[in-house]
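The values are calculated or read from the model by the stated rules, or taken from the named source; none is laboratory data. Please read all numbers here as calculations on a predicted model, not as lab measurements. Reconstructed Cβ throughout: ideal geometry from the backbone, glycine too, with neighbour counts over all protein chains shown.
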Amino acid sequence: MDFNIMTRLDVCKAKVRIAERTFTTFGSRGGVVFVINGAWQLGDKLLTTDQGACWFDGRHTLRLLQPQGKLLFSEINWLAGHSPDQVQ
């Protein structure tokens with residue numbers, strides 16, 4: 001499986017991570033998630049195998065609803081001195 005996040009390296013960065021338990025995002029500028037297996041909840045959305053979602057500013061909790069599950073996620077962070085208002 002390939003899960004690539006493309007960003008403009010001169011203004012932001014993204015790192016793909018694996019989660020196997022409930023967690024809260026770090027409050028970045030946004031992010032994406034892709035469920036490998038299990039059932040997960042993001043806000044009012046139920047996500048199951050092969051489903052994904054995105055979020056914008058703020059902290060968000062991804063809650064594992066089953067004994068086991070795995071997902072890929074990435075948060076997108078702006079580098080110091082950059083913001084969405086400066087990028088076209």
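Points worth noting:
- Among the residues making up region 19-29, a single one is under 21 Å from Trp78 (Cα atoms) and not in a loop (DSSP other than H, G, I, E, B): Thr24.
- Looking across region 19-50, the residues that are touching a Leu at 6+ places or on another chain (Cβ under 7 Å) and farther than 16 Å from Pro67 by Cα come down to Val33, Phe34, Leu42.
- The set of residues from region 23-46 being touching a Phe, Trp or Tyr at 6+ places or on another chain (Cβ under 9 Å) and over 17 Å from Gly58 (Cβ atoms) comprises Phe34, Leu46.
- Subset of region 6-37 [surrounded by 12 or more Cβ atoms within 10 Å (Cβ to Cβ), within 16 Å of Gln51 (Cα to Cα) and in contact (Cβ under 8 Å) with a residue 40 or more places away in the chain]: Ala19, Glu20, Gly31, Val32, Val33
- Residues that are at pLDDT below 85, in contact with a strand residue (DSSP E or B) (Cβ under 6 Å, 6 or more places away or on another chain) and among the aliphatic types (A, V, I, L, M), drawn from region 1-29: Ile5
- Residues of region 30-44 classified as assigned to a strand (DSSP E or B) and either among the aromatic types (Phe, Trp, Tyr) or out of contact with any strand residue (DSSP E or B) (no Cβ under 8 Å at 6 or more places or on another chain) (or both), total: 2
- Scanning region 45-80 for residues that are modelled with pLDDT under 95, part of a loop (DSSP other than H, G, I, E, B) and surrounded by fewer than 18 Cβ atoms within 10 Å (Cβ to Cβ) yields Phe56, Asp57, Gly58, Arg59, Leu79, Ala80.
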